[in-house]
């Protein structure tokens with residue numbers, strides 16, 4: 001299924017979404033808030049432990065940020081739901097690892113990442129359902 005358009009919201013609306021899928025208009029504002037929380041969480045860890053004391057945790061944070069940045073062009077640009085599913089599963093694993101690493105340094109920082117983790121888990125499920133419906 002190819003949308004053949006340059007409007008990500010239009011592509012999203014064209015997908016065979018399950019009941020309860022978030023509205024396209026909500027995605028931008030929600031992700032903006034989540035990225036702010038992610039930045040604050042990383043800042044807390046960096047501020048308290050510095051780069052040297054938290055390099056592993058911050059490397060995981062950078063990895064999950066890169067995977068998050070990769071998912072959008074794969075899903076919306078390439079419209080490849082299978083490759084996007086692979087990327088988002090890796091992202092979910094990286095987010096869980098980041099939350100775990102942050103928990104060891106700052107529980108507040110880890111808690112700030114929980115909404116992001118929940119939304120990535122939900123998006124992983126949604127991506128999987130869309131892939132299943134498109135490929136079936």
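The values are calculated or read from the model by the stated rules, or taken from the named source; none is laboratory data. This structure is a prediction, so every number in the text was calculated from the model and none was measured. Using ideal geometry, Cβ is built from the backbone for each residue, glycine included, and neighbour counts are taken over all protein chains shown.
Miscellaneous remarks
- The range 93-123, subset surrounded by 20 or more Cβ atoms within 10 Å (Cβ to Cβ) and closer than 27 Å to residue 19 by Cα, residue modelled with the lowest pLDDT: 123
- Residue that is out of contact with any helix residue (DSSP H, G or I) (no Cβ under 7 Å at 6 or more places or on another chain), modelled with pLDDT of 90 or more and surrounded by 13 or more Cβ atoms within 10 Å (Cβ to Cβ), where the choices are 65, 27: 65
- In the range 12-22, the qualifying residues are those that are over 13 Å from residue 127 (Cα atoms) and surrounded by 11 or more Cβ atoms within 10 Å (Cβ to Cβ), and the one that is modelled with the lowest pLDDT is 13.
- Taken as a whole, the structure places residue 42 among residues that are buried (at least 20 other Cβ atoms within 10 Å of the Cβ), farther than 26 Å from residue 17 by Cβ and in contact (Cβ under 8 Å) with a residue 12 or more places away in the chain.
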